[in-house]
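Heads up, the thing below is written out as structure tokens.
Each reported figure results from applying straightforward, stated rules to the coordinates on display, with no laboratory input. A quick note: this is a predicted structure, and the numbers were derived from the prediction, not measured. Cβ placement follows ideal geometry from the backbone for every residue including glycine, while neighbour counts extend to all protein chains displayed.
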Amino acid sequence: MMNTQQLLQVVLTTLDDGKGRDVKVIDIREKTSIADFMVIASGTSERHVRALAEHVVEESRKVAMIPVGVEGEQPGEWVLVDLGDVIVHVMKPQTREFYQLEKLWQGDYSRLYPALDAIH
């Protein structure tokens, strides 16, 4: 069974491989019991957003992590992939700016990590 840090690594590597932009990891363990980490990434278009999310689903399945759910594939403005301990949001930049999930969840700046720092 894969631990949360390993799953987070798979997600971040997959988003990086797919050219996801402005990838952020938010540690939400002290804020909610729904998950440990939230990953937010931007895609350049609806097609790119959908492709990134699909790639996360495919790669998670390869390591025996079946998503709890996937929402928003159509129209592709914002796709959520629920992997249990890690929730992935892939959004178009305009959608991300509008909803500002980072501001909603981060609380203090020490909990918002650049993607690669979160796994070290």
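Rounded to the nearest 0.05, what FRET efficiency do GLN100 and GLU30 give with R0 = 25 Å and r taken as the Cβ-Cβ distance? Could you check? Each step should come with its number before you reach the end.
On the way: r = 20 Å, r/R0 = 0.80.
After rounding to 0.05, the efficiency reads 0.80.
Among PRO67, THR44, MET2, whose Cα lies farthest out toward the positive end of the dipole of the chain, if unit charges sit on the beta carbon of Lys, Arg (+1) and Asp, Glu (-1)?
Farthest towards the positive pole: THR44.
Please give the net charge around ILE34, taking every other residue with its beta carbon less than 11 angstrom from that of ILE34, where Lys and Arg add +1 and Asp and Glu add -1. Walk me through the numbers before you get to the answer.
Working: positive: ARG29, LYS31; negative: ASP36, ASP82, ASP85.
In short, -1.
Nearest 500 deg cm²/dmol is fine: what mean residue ellipticity at 222 nm does the chain get from its DSSP H runs of n ≥ 4 alone, each adding -39,500 (n - 2.57), divided by its residue count?
Working: 4 runs with 44 residues, N = 120.
The helix-only estimate for the chain comes to -11000 deg cm²/dmol at 222 nm.
Figure the gain on full extension for VAL68 and ASN3 (residue separation times 0.36 nm, minus the Cα-Cα span) and round it to one decimal in nm. If you can, show how the numbers build up before the last one.
Numbers: separation 65, 0.36 × 65 = 23.40 nm, distance 1.59 nm.
Separation in residues times 0.36 nm, less the Cα-Cα distance, equals 21.8 nm.
Summing +1 for each Lys or Arg and -1 for each Asp or Glu, what net charge is found among the other residues whose Cβ lies under 12 Å from the Cβ of ASN3? Mind dumping the intermediate values first?
Numbers: positive: none; negative: ASP36, ASP85.
Around ASN3, the charge tally is -2.
Under 13 Å from the Cβ of ILE87, count the other residues' Cβ atoms, weight Lys and Arg +1, Asp and Glu -1, and hand me the total.
Net charge around ILE87: -2.
Want the number for THR13 to THR44: 0.36 nm per residue separation, take away the alpha-carbon distance, what's left?
Numbers: separation 31, 0.36 × 31 = 11.16 nm, distance 1.78 nm.
Here the answer is 9.4 nm.
Considering only the range 4-119, what is the antiparallel percent among its DSSP beta bridges, to the nearest 5?
Working: 16 of 22 bridges.
Percent antiparallel among DSSP bridges in the range 4-119 is about 75.
Setting aside same-chain residues fewer than 8 positions from LYS24, which aspartates and glutamates have a Cα under 17 Å from its Cα?
Partners within reach: ASP16, ASP36, ASP82, ASP85, GLU97, GLU102, ASP108, ASP117.
Computed from these coordinates, which is semi-axes √(5λ) of the Cα gyration tensor in Å: (1) 19, 18, 13; (2) 30, 13, 11; (3) 37, 17, 15?
(1)
For the chain, what is the relative contact order in percent, using Cα pairs closer than 8 Å and at least 6 residues apart in sequence?
Details: 209 pairs, mean separation 36.4, N = 120.
That works out to 30 percent.
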